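Below is one structure; the comments refer to it alone.
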Amino acid sequence: FAAANQLAEASFSVWSFGDNRDMANELAALVVAGTKRATTSLLRSFESSDEPLPKPGEFGVVVGGDDRPCCIVRVTEVEVKPMGDVDTRFAWDEGEGDRSLDWWLSTHTRFFTREGATEGFAVDRSTEVVLVRFEAVWPRK
């Protein structure tokens, strides 16, 4: 992909979605199908690891539960806001479940609460999240 697109200087981060093998496979398949065009992470995860936030234009290699590449995405938009301020458009773009805002909020609250339980923090509608929109750029459809 890099050679074909003259991206010799580009760097690629590796993305795996979810917290287990099956979820990673399921969500990677949604990206490949074009249904999933966004993802959400806790801001505190970036801060605690000193990892920089993604930036528009950056590339990610999406891997499944077996750590094998499935596709390449390019970040198009990054926003930080409280979970309670996420809108219906973003929930739809994330492409999971029934794609509604209610489903998104319920599922992400449960998902992030599991992380909070192991790391000792609470999750609620004021918890800051990083909302990343992206486009799949390889393989081309």
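The values are calculated or read from the model by the stated rules, or taken from the named source; none is laboratory data. Small disclaimer: the values here were computed from a predicted structure and weren't measured. Counting neighbours? That spans all protein chains shown, and the Cβs are built from the backbone with ideal geometry, glycine included. For the accessible areas, the whole protein counts, side chains as well, though only heavy atoms, and no ligand, DNA or RNA atoms are used. Shrake-Rupley method; radii C 1.70, N 1.55, O 1.52, S 1.80 Å.
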> Roughly how many debye, to the nearest 20, is the charge dipole of region 1-76 about its Cα centre, given +1 on each Lys and Arg Cβ, -1 on each Asp and Glu Cβ, and no other charges?
Replying inline: 300
> Counting Lys +1, Arg +1, Asp -1, Glu -1, what net charge surrounds Ser126 among other residues with beta carbon under 15 Å of its beta carbon?
Replying inline: 0
> Please identify the chymotrypsin sites (Phe, Trp or Tyr not before Pro) of region 30-121 that satisfy two criteria: DSSP loop assignment and at most 15 other Cβ atoms within 10 Å. Which are they?
Replying inline: Phe121
> With Cβ to Cβ distances under 9 Å as the rule, what net charge do the other residues near Gly95 carry (K, R +1; D, E -1)?
Replying inline: 0
>> In whole percent, and with a 1.4 Å probe on the protein chains, what portion of the accessible area of the chain is carbon and sulfur?
In response: 50
> For the chain, modelled as a GNM with alpha-carbon contacts under 10 angstrom, which of Pro52, Pro69, Pro82 fluctuates the most?
Replying inline: Pro52
>> Return the equivalent ellipsoid semi-axes of the chain as a descending list in whole Å, where each equals the square root of 5 times an eigenvalue of the C-alpha gyration tensor.
In response: 25, 17, 15
> How many nm is it between the label spots at Ser45 and Asp66, if each spot is 7 Å from the Cα in line with the beta carbon?
Replying inline: 2.4
> For the chain, what's the relative contact order in percent, using C-alpha pairs closer than 8 Å and at least 6 residues apart?
Replying inline: 31
>> Between 0 and 90 degrees, rounded to the nearest ten: what's the tilt of helix 21-33 against the longest Cα principal axis of the chain?
In response: 60
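May I ask you to compute the full-extension gain from Arg74 to Arg114, defined as 0.36 nm times their residue separation minus their alpha-carbon distance, rounded to one decimal in nm?
Value of the extension gain: 11.6 nm.
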>> Let's see if you can work this out: charge +1 on each Lys and Arg Cβ, -1 on each Asp and Glu Cβ, no other charges. What is the dipole magnitude of the chain about its Cα centre, in debye to the nearest 20?
In response: 460
> On full extension of the chain, what length is gained from Arg99 through Leu7, given 0.36 nm per residue of separation minus the C-alpha to C-alpha distance?
Replying inline: 29.7 nm
> If r is the Cβ-Cβ distance from Ala29 to Ala122 and R0 is 35 Å, what FRET efficiency results, to the nearest 0.05?
Replying inline: 0.65
>> Compute the angle between helix 101-119 and the longest alpha-carbon principal axis of the chain, please, reported from 0 to 90 degrees and rounded to the nearest 10.
In response: 80
> Using modelled backbone amide H atoms (1.01 Å from N, in-plane), which distant-in-sequence or interchain residues come within less than 5 Å of Gly64's amide H?
Replying inline: Cys70
>> Run the helix sum for the chain: -39,500 (n - 2.57) per DSSP H stretch of 4+ residues, divided by residue count, reported at 222 nm to the nearest 500 deg cm²/dmol.
In response: -10000 deg cm²/dmol
